[in-house]
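Peer 1: The structure is given below, and queries will be raised subsequently.
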Amino acid sequence: MMNMNSAEAGDSLIFSLNETNDNNNTNASASAPASLPNLPPDSYQMTSEVHVTFAPQNHNHTSYKSDRESHSGHRPPRSPTRGCKENSPLLGPKSDFEHSFEYNSFPDDPFFHETVLAAELAIEANVCPERIYQGSSGSYFVKNTEQKIIAVFKPKDEEPYGHLNPKWTKWMHKLCCPCCFGRSCLVPNQGYLSEAGASLVDQKLGLNVVPKTKVVRLASETFNYSAIDRAKARTKRNIYNRVPSVGRHFNRIGLPPKIGSFQLFVNGYKDADYWLRRFDSEALPESTAKKFQHLFERVVVLDYIIRNTDRGNDNWLIKYEPASTKAGSSQADIEDAEWSMVENPEIAVAAIDNGLAFPFKHPDEWRAYPYHWAWLPQAKVPFSTEIQELLLDQLSDMNFVQDLCDDLYDLFKCDKGFDRHTFEKQMSVMRGQILNLTQALKDGRSPVQLVQMPVVTVERNKSTVGRTRADSEIFTQSTCIGYNDWLEEIVSSVKVDVLDTMIGWKRLCLVLR
């Protein structure tokens, strides 16, 4: 039971990140609150603010980066969604386009660029994406011209509560309970940005557990379009076929492209739940178990930083290849059982389904959205030296954290419903998660102990210059108290008040007697 008075709630703690900028090498150190109570990963409601002043190293991030310049000098796109003037069964012949837009251009990532191009060429060849019937959103397996699955595409307007979601369960949920659907801590219909954002964080930190994911625009007959869009496309196509001189004035003949997340497909993986059950009965070799522990810690780090509210054992994958004999070894070598002829088991993990991440506040309702991996035995092992060496220098550097926020800003601002104030709240939650994770890595804690730390948010203060308000380099930390602890505190105070009242009445009776 925890008692907290107003004086304790108002205690201040100063964080100082000493500025050193010799030869562009920055060192930052931050100390976390001492003797913080371990709270259960419950929902959070009451907040006691602790003002923290960050003094980051010198950098010019007074605001987020300006829009990046468009890349030029690359070969023109060859698909309908790239705005080219090629003949296409979906978007009409080359005369249908009066404007050129390079939707899906990724010059800095040639492999991803070629994969998206292969998907678009397959759609042009009528090898359309195939809907995935699992899950609550409209998602699709994207194939190449050889009918091989190469990616998973999740359109924005077909997300669980999107207006074109083809799954009737969420439609009924939204129709029957319009006031209590969705997760109140998440921004509605931005799951595709969360998918791409999780991949961005994964690459920035060097975790390499999320398949490459970016925002892409695709059009296909198999997507769920409204009747109006299909009727317009059909009418324009008929007009063009019958009166080409009129039809060529249309900007677009076929179906409009949909924006969504495009995640590369991984082969040979199964749900983590399948392999975890196998590992309970069949122990892994020591070297493989150690590698799996390191990979598991990377998933923990990713989920904690982006505050993933939907990481069950079916939302991350494991690829496990048992020990086998090396290629070219003879039968005699196999019978002799020489260990030099046996390859160690290979194991890998993939963190998929990251659409329910980047909340703008910590969960404050009865549903706490816990991390399901916290119940695994691997979560009781302290973080390894490998993960500490990989992350501590980066996460302790406020310049690096601000660069990460800038990159996410460049990604999230492409959404039509983007709101700067809401995005700042999302980054405040992420900064608080990074602060906790950094302290846990320094203290050598385990993932279980990490999720039991009091959650915090680190908000950027606003500075006023004349009549304008700009982002400052001063941050304020707010510490959240667990809902159950807050409830216990209220109950305890009520008990004390009742006891004092009873004692008072007893004394009054004695005086009157």
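Peer 1: Sorted by accessible area with a 1.4 angstrom probe, largest first, how do LEU356, LEU164 fall?
Peer 2: Result of the area sort, largest leading: LEU356, LEU164.
Peer 1: Next up: Once fully extended, how much extra length lies between ALA231 and CYS414, figured as 0.36 nm per residue of separation less the alpha-carbon to alpha-carbon distance? The partial results should precede the final answer.
Peer 2: Working: separation 183, 0.36 × 183 = 65.88 nm, distance 2.82 nm.
Between ALA231 and CYS414, full extension yields an extra 63.1 nm.
Peer 1: Per residue, how many Å² of accessible area does region 186-311 show with a 1.4 Å probe?
Peer 2: Each residue of region 186-311 exposes 43 Å² on average to a 1.4 Å probe.
Peer 1: Turning to a different aspect of this structure: All other residues with a Cβ under 14 Å from the Cβ of ASN308 taken together, and with Lys, Arg as +1 and Asp, Glu as -1, what is their net charge?
Peer 2: My count for the surroundings of ASN308 gives -2.
The values are calculated or read from the model by the stated rules, or taken from the named source; none is laboratory data. If you're wondering where the values come from, they're calculated on a predicted model, not measured in any experiment. Ideal geometry is used to build each Cβ from the backbone, glycine not excepted, and the neighbour counts take in all protein chains shown. The protein model used for the area step is the full one, side chains on, heavy atoms only, and it has no ligands, DNA or RNA in it. Shrake-Rupley method; radii C 1.70, N 1.55, O 1.52, S 1.80 Å.
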